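The values are calculated or read from the model by the stated rules, or taken from the named source; none is laboratory data. These figures come from a predicted structure and were not determined experimentally. Cβ sites come from the backbone with ideal geometry, for glycine too, and all protein chains shown count toward neighbours. With ligands, DNA and RNA removed, areas are computed over all heavy atoms of the protein, side chains included. Shrake-Rupley method; radii C 1.70, N 1.55, O 1.52, S 1.80 Å.
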Amino acid sequence: MARRKSNSAQRKRTEKVKKSSSRAIWKGSINFGLVNIPVALYTAESSNDLDFDLLDRRDFSPVRYRRVNEKTGREVPWDQIVKGYQHEKGEYVALTEQEFVNANVEATQSIDIMDFVDAAEISPVYFDKPYYLEPLKAGRRAYALLREVMKKTGKIAIAKVVIRTRQHLAAIIVQGPMLVLNLLRFAHELRDASAFDLPEVGPKHAKFSNQEIKVAENLVDMMVSDWNPKKYRDEYREDLIKLIDKKVSSGQTKAIEKAEPAVRPERRGNVIDMMHLLRQSVDKIRNKEDPVRRRKAS
């Protein structure tokens, strides 16, 4: 019985992810000069976060968050809640969802391409959140044209888009047959990196020996691989699920055990023999490699 409950919970987690990822969160058009490409926007992220509720440890009753009126102390139902902007102390202007759209219909229903740039010019720190763009029926031909031109020129498009009442900077990128919209951070949203105390660039400033660089390069070469995102797993999440399933199958669905403090790995001292660690790393990888790969490396 417990095992069936555990499998049922896993199915529910999977179904929840599939259901949430199948709905378009936005429909509008990509504006490419005077060309309009009708598209639907889908979140590209599949949230696999484990959903933990807050409980009263005495009887495992859920602890709820309540939306409370500050004056009366009474709970306010969702259908009575509006968004308001405080223009003066204690004075608000309320806006409905439709008014957010009506403020600028064109901005809320379009992805406006402003520039085309080389992908290498954009630092990874600007990328924030990916979305998939699917053409609507009337936009398939124009969608394919934009995709092929971007692929041929090696460019990505820089655009502006409004999602959930906020305007974002975004990059449109070709990924196989699909156009992906990745939200970008504006320059003012990033901290000034020059404020950090960083080592100067170049091996002379860092005082590395040629031998250290050579061994480090050897280590990098041995770790080179083709990019395959499927081989990387969220091991911490998997271990949590195993722990949860184990508790369910053993009937520990309410008991709270006093946990022993986790044993943390020992920290190394400040003095580091860099060459020794590099050589150890190389030997460790060499011992892991299969004979075929070892022969190729030699």
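With a 1.4 Å probe and every protein chain left in place, work out the accessible area per residue of the range 53-203 in Å², rounded to a whole number.
77 Å²
What is the diffusion coefficient of the range 168-230 in µm²/s, taking the Kirkwood radius over Cα pairs and the Stokes-Einstein relation at 4 °C with a viscosity of 1.567 mPa s?
Roughly 78 µm²/s, to the nearest whole number.
By per-residue mean of other Cβ atoms within 10 Å, what is the highest-first order of 72-78, 147-153?
Going from most to least packed, we get 147-153, 72-78.
Take the alpha carbon atoms of the range 106-227, find their radius of gyration, then divide it by 2.2 N^0.38 Å using N residues; give the quotient.
The range 106-227 yields a ratio of 1.46.
Using the structure shown, select from Lys155/Lys230; Lys27/Lys129; Lys27/Lys160 the pairs with a Cα to Cα distance greater than 21 angstrom.
With Cα atoms farther than 21 Å apart: Lys155/Lys230.
At a 10 angstrom cut-off on C-beta neighbours, averaged per residue, how do the peptides 89-97, 277-285 rank from highest to lowest?
So the peptides 89-97, 277-285, ranked by packing, come out 277-285, 89-97.
Within 10 Å, count the other beta carbons around each residue, average over each peptide in 132-140, 225-233, and list them highest first.
So the order, starting with the most tightly packed, is 132-140, 225-233.
Any idea what the dipole of the range 55-117 comes to, in debye rounded to 20, about its Cα centre with Lys/Arg Cβ at +1 and Asp/Glu Cβ at -1?
Approximately 660 debye in magnitude.
When you have a sec, figure out the Kirkwood radius of the range 61-144 from all distinct Cα pair distances and drop it here in Å to one decimal?
Answer for the range 61-144: a Kirkwood hydrodynamic radius of 18.7 Å.
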